[in-house]
1. Looking at ARG91 and the list (1) crowded, with 19+ Cβ neighbours inside 10 Å; (2) at positive phi; (3) touching an Asp or Glu at 6+ places or on another chain (Cβ under 6 Å), which single condition is not satisfied?
2. Testing VAL45 on (1) more than 20 Å from the chain's Cα centre (by Cα); (2) within 30 Å of SER230 (Cα to Cα), one condition comes back false. Which one is that?
3. If you go through the range 191-203 one residue at a time, do you hit one that is farther than 21 Å from LEU110 by Cβ and either of a type in the set (A, V, I, L, M, F, W, C) or in the same structural domain as LYS94 (by TED's automatic domain parsing) (or both)?
4. Would you mind telling me which numbered condition in (1) crowded, with 16+ Cβ neighbours inside 10 Å; (2) farther than 30 Å from GLU49 by Cβ SER189 fails?
5. Hey, does the range 150-159 have a residue that's among the charged types (D, E, K, R), within 26 Å of LYS242 (Cβ to Cβ), part of a loop (DSSP other than H, G, I, E, B) and in contact with a strand residue (DSSP E or B) (Cβ under 9 Å, 6 or more places away or on another chain)?
6. Output the residue which, of all residues in the range 294-315 that are in contact with an Asp or Glu (Cβ under 9 Å, 6 or more places away or on another chain) and of a type in the set (A, V, I, L, M, F, W, C), is nearest to ASN54 (Cα to Cα).
7. Could you please let me know if GLN15 is more than 22 Å from the chain's Cα centre (by Cα) and either in contact (Cβ under 8 Å) with a residue 24 or more places away in the chain or within 27 Å of ARG108 (Cα to Cα) (or both)?
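The values are calculated or read from the model by the stated rules, or taken from the named source; none is laboratory data. These numbers were taken from a predicted model, which means no experiment stands behind them. No Cβ is skipped: glycine too gets one built from the backbone with ideal geometry, and neighbour counts run over all protein chains shown.
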Amino acid sequence: MAQAPTLSANDQLKQVKTAVKSVSSGFNQIVKQSQVTLNWEREVVFALEVMKKNSALLKATPASIKSSVLNIASCGLSLNPALQYVTIVPRWNKSLKANEASIMFMYRGLVKLVTDGEKVLAVEVENVYENDTFDYTRGTEQVLTHVPTVFGDRGDFRGTYVMAYVVGMERPIITFVGADDIFKARDKSDSYKDNNGKVRNSSPWVQWFDEMAKKVALKRACKTLPRGDSGADIRLAEAIQKDHDDDRIEPDAERDLESTAIALINEVQGKEINAECRRLGVKAKVLYEAFDIKKLGDLPAAEYGSVIERFKAREEAMIKAGTVSEEDAKYIGEAG
């Protein structure tokens, strides 16, 4: 059988855009039926931003791309990287021998689904370390005391607990998951080690251990928490099942996982930063060095506020020096 021709990066991006935009009517129909508050125009921008930054996603099958975008509508969680509810990652399909796009739920996304339901008012999830002060007493009046070591070495990881405040109950339901169980969940994931048993530096378990540990504990707690019949409760059950089924990221797709998992600035933020650089005479090289990046598109979304603060500080200094008027200063980002 003749091999399909290899597409250029531009052609891959065009194919991805075509696949994403082809499901607009299906997306809006699911959103309407599920009664969730997702905006197609915003979500399609977020989806394309995620995929443009990941070469494995650009090579994903069109069918899987369409499915992943429709799954965003089904779960009711936004792809907005600032919220960190859910993202899209590549997974290797051994049967097809091809990359497929698939959604990956984040810890904060599961928390939102839990608390959007009918039965759980609020959830607290915390990790416990060796040098923290921790004590738990069961009885007619359970008492849990946890004083984290805020500064300094927290020591070895001991486990995670979940406190769920349920409608109609005076005290929270507490679930404990020890370190051994957390490590077992980590070791089952192909994202953690490669076929030779070597730890992958780009694995979420290496990059964000605390968040992954909390996610495992929350999924465990959800097994015993009461659930209602609301749309959010149903979406939570579906999300946990899908997250369990997809909790294996094959090595072929893993090579680009790091760039997917890290939330980067979006196109609008990039344009605003470029406009401010031109207006205030800031050389892009200065920003690259300050934030240890090679291009503006590599700037983490979490650092966007820091960049804006730098612009404000420079603007104030220029106004004092008389090199820019206060009237001109009102038009921040006008060029964007």
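1. (2)
2. Here VAL45 meets the rest and fails (1).
3. There is at least one residue in the range 191-203 that is farther than 21 Å from LEU110 by Cβ and either of a type in the set (A, V, I, L, M, F, W, C) or in the same structural domain as LYS94 (by TED's automatic domain parsing) (or both).
4. (2)
5. No.
6. Among those that are in contact with an Asp or Glu (Cβ under 9 Å, 6 or more places away or on another chain) and of a type in the set (A, V, I, L, M, F, W, C), it is VAL307.
7. Values: more than 22 Å from the chain's Cα centre (by Cα): yes; either in contact (Cβ under 8 Å) with a residue 24 or more places away in the chain or within 27 Å of ARG108 (Cα to Cα) (or both): yes.
Yes; evaluated as a whole, the condition is true for this residue.
Condition check ((1) assigned by TED's automatic domain parsing to the domain that holds GLN241; (2) more than 24 Å from ALA301 (Cα to Cα); (3) at pLDDT below 90) across all residues:
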{"site": "SER8", "(1), (2), (3)": "yes, yes, yes"}
{"site": "ALA19", "(1), (2), (3)": "yes, yes, no"}
{"site": "SER22", "(1), (2), (3)": "yes, yes, no"}
{"site": "ASN28", "(1), (2), (3)": "yes, yes, no"}
{"site": "ILE72", "(1), (2), (3)": "yes, no, no"}
{"site": "PRO90", "(1), (2), (3)": "yes, no, yes"}
